[in-house]
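The values are calculated or read from the model by the stated rules, or taken from the named source; none is laboratory data. Since the structure is predicted, the reported quantities are computational estimates derived from the model, not experimental observations. Here the Cβ is made from the backbone with ideal geometry for all residues, glycine too, and neighbour counts use every protein chain on show.
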Amino acid sequence: MSQVLFLSDPSQADVSPILGMANDLITRGEKVTFFSSDEFKGPIEEMGADFKAYNQELNVFQRNDENDEEKPKSGLISALLEPMKFIDDILVQIRGLKFDYAVFSPAYPYANIITQLLGIPKTEQAVIN
């Protein structure tokens, strides 16, 4: 049984294709740990994956209200300015876990860095239109 790390931008367009892949792997007996936002917790846990949430304060995918003047307008800006805060949060949450490989959505910004730090291969889930 392999241990698989799934990394996804928490948007329906990115999560849906790799949810199906994660479900197939779980059906085959693989152990899946899946990072996403809280809005996808239910479907991820229902299929039997271990759900991990992005730290809300560091969630680079979270959109802030336009009226909130104190926060950046996009989490992506924070991701570009301080990517290691986001990466470190993920690494802390998976500390002690060993993965055989990672699967990530095409738009996931940190897959190369995270897989290099973990010393594991990666698989990009292609989006087919």
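General remarks:
- Filter result for Ala22 (crowded, with 19+ Cβ neighbours inside 10 Å, modelled with pLDDT of 85 or more and not in a loop (DSSP other than H, G, I, E, B)): yes
- Every pair of residues 6+ apart whose Cβ atoms lie under 7 Å, when the first sits in region 2-18 and is closer than 19 Å to Gln116 by Cα while the second is small (Gly, Ala, Ser) and in a helix (DSSP H, G or I): Phe6/Ala22; Leu7/Ala111
- Qualifying residue in region 95-114 (condition: modelled with pLDDT under 85 and either surrounded by fewer than 17 Cβ atoms within 10 Å (Cβ to Cβ) or over 13 Å from the mean Cα position of the chain (by Cα) (or both)): yes
- Here Glu30, Glu69, Glu46 are screened, and the one residue that is at pLDDT below 95 and over 15 Å from Ile90 (Cα atoms) is Glu69.
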